[in-house]
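The values are calculated or read from the model by the stated rules, or taken from the named source; none is laboratory data. Owing to the predicted nature of the structure, the values given are computational and were not obtained by experimental measurement. Cβ atoms come from the backbone with ideal geometry, glycine included; neighbour counts cover every protein chain shown. Side chains included, ligands, DNA and RNA excluded: accessible areas come from the protein's heavy atoms. Shrake-Rupley method; radii C 1.70, N 1.55, O 1.52, S 1.80 Å.
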Amino acid sequence: MTGISLRAMIAGLVLASFPHAMALAYEQTEASSSGAYLAGRTAAKLRDNDLASDYLGNALKADRGNPVLTEKVFLLDLSEGDIAAAESLAGEIVQFNSQQRMARIVLGLKDFRSRHYDDARKHFQQAAYTPVGELTSWLLIAWSYAGEGDLSQALKTLDRLDSNESFANFKTFHTALIADYLGNSMRAEAAYRKAYEEAGMSLRIVQAYGNFLERNGRADEAKKVYSAFLENDENPLVLEAFENIASKVVPKPFIGSPPAGAAEALFSLASAMTDDESIDVALLYARLGLSLSGDQPVFDTLLGDIYEDMKRYDKAIAAYDKVPAGSPLRSNADLEIAVSLQRLERKDEAIARLKDLIAREPRNYDAIVTLGNLYRANEDFANAAKVYDDAIALIATPVPGHWRVFYFDGIAHERLKEWDIAEKRFRRSLELSPNESSVLNYLGYSMIEKKINLTEAMEMVKKAVALKPNDGYIIDSLGWAYYQLADYEQAVIHIERAVELLPADPIIAEHLGDAYWRVGRKLEAKFQWQHARDNDPEPEDLKRIEDKIINGLPDEPAVTPAQNGTEKTNG
């Protein structure tokens with residue numbers, strides 16, 4: 001099979017129904033190794049790693065020793081957490097590619113677990129190229145020296161990270177962890193303090209530093225560290241540590257073994273890999289971290305987060321479900337499971353999961369707001385408004401971060417045609433956070449639609465555009481404001497720009513058609529309305545659009561003072 005035809009086959013399969021495409025590829029090649037390879041490639045492109053592993057594994061059985069297949073199956077086995085299979089293939093890979101970074105890391109960690117630290121270092125050194133390879137390798141090598149009790153060599157290894165200033169926080173934090181693990185409290189405290197000063201809102205730094213202070217008889221200082229973090233983020237792990245201070249029970253060390261330290265290094269790295277280009281590597285690092293018996297609930301949560309980012313919601317649910325019932329992260333796991341169920345269109349299960357969580361924790365603000373979000377996403381605005389109102393009732397003193405719940409509640413009430421309540425919620429949201437473009441746009445657009453407070457509405461939308469100059473919805477709002485003020489030439493300019501940004505939005509296309517009609521460009525107006533009709537508008541919108549296609553717009557109404565913004569009505 002030529003390269004050109006292979007690409008064409010893959011492109012066609014991606015567009016087809018996925019299970020049917022897999023079967024078709026396999027049937028067309030009579031279960032040949034090339035057919036399995038094609039099917040596996042397609043599955044891997046869609047990040048269905050289970051299916052890709054099956055197909056490529058079959059291809060490898062038919063073509064044992066194929067370097068390309070061996071590397072692909074190795075990475076898929078690792079991504080699925082089959083560490084034993086990955087270790088076996090890694091040994092084969094380094095025979096034909098001695099510097100395959102992930103294979104070297106896998107083999108190094110195999111030796112690390114067995115306390116063969118010198119052998120582990122040889123593998124890690126082979127992986128120390130490219131920035132991420134250097135950072136990974138030197139952190140793991142440092143922890144291998146910690147396993148041998150050699151603080152001096154561990155710290156010298158961490159000095160290798162000075163070659164890249166972006167590695168500074170990793171170096172400082174792991175200096176603290178290694179010194180703490182090896183019992184050098186003076187060196188550990190200096191590094192912890194420096195790490196905290198440089199990244200005081202890092203969850204793991206706060207946990208580790210507070211843990212160190214508690215174990216060294218300085219619970220009051222630990223309490224201050226936890227409190228400062230909780231002022232901005234009510235993380236359940238930090239909250240648990242804060243509440244446990246009252247029991248006066250000395251906590252276990254944050255890192256209790258070299259494998260736990262290596263796992264923490266991998267956790268730090270995986271957590272930092274958030275973009276599409278590095279998310280696959282983050283998954284591999286999370287799997288390797290889990291294999292080292294690190295902080296299991298934390299790693300399971302990280303694994304779930306990674307799968308959510310990859311849009312593998314079934315896998316995310318499985319990962320979150322491994323968080324044990326007694327963990328402070330269990331409530332978060334249930335919340336995230338509900339969100340993933342919603343994305344899988346299992347809406348009733350999602351809502352039931354959140355209701356169970358709220359029944360256990362009736363003051364769980366995040367769970368209540370998330371339930372409101374699900375109702376709103378399902379267009380059940382009555383239940384959404386009720387749930388958001390319940391969440392707002394839990395807020396003793398609103399702070400800027402609460403702007404979202406007032407905004408969401410305003411949307412729900414506006415959709416229920418309860419404008420008086422909606423407007424109050426929107427304005428309260430802006431009081432808390434005046435520069436939220438989404439709120440400015442929604443409130444401004446709503447008043448424009450209602451032809452009330454047009455001068456104020458125009459200023460709100462202009463401010464929103466200044467904040468988000470490339471947001472098609474906001475620019476459409478500004479164009480529509482000009483339309484309502486009968487400034488049709490300006491309306492055309494702005495709505496044309498909105499259509500450029502969001503060419504598939506039916507309402508924006510309808511707005512452009514309306515503006516074209518008013519400036520006498522009637523043929524173009526009908527084209528835009530037809531374009532709006534063909535982009536799946538809501539049923540009530542479709543009826544209106546089709547009437548415009550047939551009949552055009554009625555004659556322009558007279559503009560009243562209230563409409564042109566010279567007077568304000570009660571909003």
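Things worth noting here:
- Area of Leu542 that stays accessible when all protein chains are in place (1.4 Å probe, Å², to 10): 50
- The distance separating the Cα centre of segment 418-492 from that of segment 159-191 comes to 50 Å.
- Summary value for segment 307-377: 24 percent relative contact order, contacts being C-alpha pairs under 8 angstrom separated by 6+ residues.
- Fraction in percent of alpha-carbon pairs per bin - 10 Å, segment 200-352: 11, 34, 36, 16, 3, 0
- Ranking of Tyr181, Tyr285 by solvent-accessible surface, largest first: Tyr181, Tyr285 (1.4 Å probe, protein heavy atoms only, all chains present).
- A 1.4 Å probe over all protein chains sorts Glu71, Glu459 by accessible area into Glu459, Glu71, starting with the largest.
- Proximal lysines to Lys122, defined as alpha-carbon separation beneath 18 angstrom and excluding residues fewer than eight positions away on the same chain: Lys110, Lys156
- Spatially proximal lysines relative to Lys347 (Cα-Cα < 19 Å; intrachain offsets below 8 disregarded): Lys311, Lys315, Lys355, Lys386
- Computed [θ] at 222 nm, helices only, for the chain once each DSSP H run of length n ≥ 4 contributes -39500 (n - 2.57): -23000 deg cm²/dmol
- Histogrammed with a bin width of 10 Å, the alpha carbon distances of segment 138-227 distribute as 18, 50, 27, 5 percent, first bin at zero.
- Computed label-point distance, nm, for sites Asp220 and Asp555 using a 7 Å Cα→Cβ extension: 8.4
- With viscosity 1.306 mPa s and temperature 10 °C, the Kirkwood radius over alpha carbon pairs of segment 273-366 converts through Stokes-Einstein to a diffusion coefficient of 116 µm²/s.
- Placing R0 at 25 angstrom, the Cβ-Cβ distance between Gln95 and Val132 gives a FRET efficiency of 0.55 after rounding to 0.05.
- Segment 368-516 shape via C-alpha gyration tensor axes, a/c threshold 1.5: prolate
- With a Förster radius of 35 Å applied to the beta-carbon distance between Glu459 and Glu234, the computed FRET efficiency rounds to 0.45.
- Neighbour count of at most 10 Cβ within 10 Å plus DSSP loop: longest trypsin sites (Lys or Arg not before Pro)-free window in the chain: 65-247
- Accessible surface, per residue, of segment 396-537 when the full set of protein chains is kept, probe 1.4 Å, Å²: 45
- Projected onto their three principal axes, the Cα atoms of segment 479-532 cover extents of 25, 22, 13 Å, largest first.
- Which listed pairs, of Lys462/Lys543; Lys224/Lys252; Lys424/Lys463, have C-alpha distances above 24 Å, in listed order: Lys462/Lys543
- For the pair Lys355 and Asp487, label points projected 7 Å from Cα toward Cβ lie 5.0 nm apart.
- Normalised contact order of the chain, rounded percent, pairs of Cα under 8 Å and 6 or more residues apart: 5
- Label-to-label distance, nm, for residues given as Asp276 and Asn435 (7 Å Cα→Cβ offset): 2.9
- Estimated FRET transfer efficiency (Lys311, Leu501; beta-carbon r; R0 22 Å; 0.05): 0.40
- Convex hull (Cα only) mean projected area of segment 64-198, reported in nm² to one decimal: 8.6
- Exposure ranking of Leu284, Leu394 by accessible area [1.4 Å probe, largest first]: Leu394, Leu284
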